[in-house]
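As structure tokens, the structure follows; a few thoughts come after it.
The values are calculated or read from the model by the stated rules, or taken from the named source; none is laboratory data. Since we're looking at a predicted model, the values are computed, not measured. Ideal geometry is used to build each Cβ from the backbone, glycine not excepted, and the neighbour counts take in all protein chains shown. For the accessible areas, the whole protein counts, side chains as well, though only heavy atoms, and no ligand, DNA or RNA atoms are used. Shrake-Rupley method; radii C 1.70, N 1.55, O 1.52, S 1.80 Å.
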Amino acid sequence: MCNNKLIQKYFIRSLKYFILLTYVTTNVDAKESNLLKYMRPTVVQFQYAGNLGLGSVGFGKISPNNKWVSYIIYGYLPEQTNGIEAHTLTLKISYQLKTFQWLGFHKTYMGLSLIRNYTENAYMKYPDCFPSGYYETPTALHASIAIGQSYMLPTKSFKNQMAVYIEVSSLDYYMYNFISNYSSLKFTDILSLSLGVTVFLNSE
């Protein structure tokens, strides 16, 4: 059986970059560079399920017009859940489609993500044990599209505002398989549901 021995090396390297970026951008004072202050996260996101793993955590930056949010997210899937352990690093952008008031503040948004998988059976470059042309594209890198709904919690007694959200997403190869096999697949078969909490960080 073919085994990718570089998985751990590449994952640890990527995770170090993630931790370093998070530390640097969340420990900036007023005397430091404008670039680092611009990179400072304004939201933290905690998510259950979805295409990022069983659980995930990420840091994001809200645009000045409050329409766009960009994220870098780490996700984890334990072996007990799906028979194989997996880690993910994701770059995500979301765009606010609509807001409305109903027992509080609601926001409808759309998101696009680029997901890098670190697991035993996912590859960016295939080992020699695979026949030439066995896969046409890397199995360790995927695009995802999502639509979600968030609700701002009435957290006046807390320092930071929080919102809960529900999101439906799908991966590129799920959509490709649906188009290629629409007669044998239901549209719901390619969808993934996730729940999460967003914490808005105070900028002082």
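Residues of segment 156-180 that are at pLDDT below 85 and open to solvent by less than 80 Å² (accessible area, probe 1.4 Å): Asn160, Asn177, Ser180. If you go through segment 50-72 and keep only what is out of contact with any Leu (no Cβ under 6 Å at 6 or more places or on another chain), within 17 Å of Ser170 (Cα to Cα) and surrounded by 20 or more Cβ atoms within 10 Å (Cβ to Cβ), you end up with Gly50, Leu52, Ser56.
Report whether or not Tyr118 is part of a strand (DSSP E or B), modelled with pLDDT under 85 and of a type in the set (Ser, Thr, Tyr).
Details: part of a strand (DSSP E or B): yes; modelled with pLDDT under 85: yes; of a type in the set (Ser, Thr, Tyr): yes.
When the stated conditions are applied, Tyr118 passes them.
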